[in-house]
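Okay, so here's the structure we're looking at.
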Amino acid sequence: MSGFGLLHTREQFSLVANAPFEIAWPLFGADKERAWAPDWEPVFLWPEKAFDKEGMVFIIRQGAKKAVWVNTVFDRTAKRIQYVYVIPDVVVTVITLLLTSRGNSTAIDVIYERTALAAAANEIVRDMAMRDRIAGSEWGRQINTHLAQ
């Protein structure tokens, strides 16, 4: 706990995409992620026509709430992607992806940092962090199933 009793969490996981960087990289943009992530349905606000680029803004429904997402880094040269999203009165989440070329595969390190926006949301954030901790195997299965098709 920090601040005014608001929970902050940091979880990290790794996975390997069975494809070279040039094929794996685009699949971690909000638009292209739809190809491998079930139920991932971003509604783009900017650019209006779905296009993966730094600064893109989109909405994802999370239950009865809407999360507003902003891509803060989409740097192919640095092999780094970052998103920030807010669910009002619940959580701010920063997701950082670091990609590393490994010949015919790509290693991806994913870091989730979450901060509750109200003490009443601490338990929700704790539950999110527990799911973050174990998400690597699911992401790996989903993306590699897509890549094998």
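Evaluation of residue 26 against the conditions (1) out of contact with any Leu (no Cβ under 8 Å at 6 or more places or on another chain); (2) part of a helix (DSSP H, G or I); (3) open to solvent by 70 Å² or more (accessible area, probe 1.4 Å) shows that the sole unmet condition is (3).
Restricting the stretch 86-99 to residues that are in contact (Cβ under 8 Å) with a residue 24 or more places away in the chain, of a type outside the set (A, V, I, L, M) and open to solvent by 10 Å² or more (accessible area, probe 1.4 Å) leaves a set whose member that is farthest from residue 55 (Cα to Cα) is 89. If you go through the stretch 76-93 and pick out every residue that is outside any strand (DSSP E or B) and among the β-branched types (Val, Ile, Thr), you end up with 2. Taking first residues from the stretch 24-51 that are closer than 15 Å to residue 68 by Cβ and partners that are among the hydroxyl-bearing types (Ser, Thr, Tyr) and surrounded by 17 or more Cβ atoms within 10 Å (Cβ to Cβ), the Cβ contacts under 8 Å between residues at least 6 apart in sequence or on separate chains come to 30/83.
Scanning the stretch 47-75 for residues that are among the acidic types (Asp, Glu), within 17 Å of residue 26 (Cα to Cα) and not in a strand (DSSP E or B) yields 52, 54. Remark: pairs (first residue in the stretch 108-126, free of Cβ contacts under 8 Å to residues at least 60 places away in the same chain; second residue β-branched (Val, Ile, Thr) and open to solvent by 30 Å² or more (accessible area, probe 1.4 Å); Cβ separation under 6 Å; 6+ apart in sequence or on different chains) are absent.
Note on the stretch 100-131: residues that are β-branched (Val, Ile, Thr) and open to solvent by 60 Å² or more (accessible area, probe 1.4 Å) amount to 2.
The values are calculated or read from the model by the stated rules, or taken from the named source; none is laboratory data. This structure is a prediction, so every number in the text was calculated from the model and none was measured. Because the Cβ atoms are built from the backbone with ideal geometry, glycine has one as well, and the counts that use them run over all protein chains shown. In case anyone asks, the SASA skips ligands and DNA or RNA and just uses the protein heavy atoms, side chains included. Shrake-Rupley method; radii C 1.70, N 1.55, O 1.52, S 1.80 Å.
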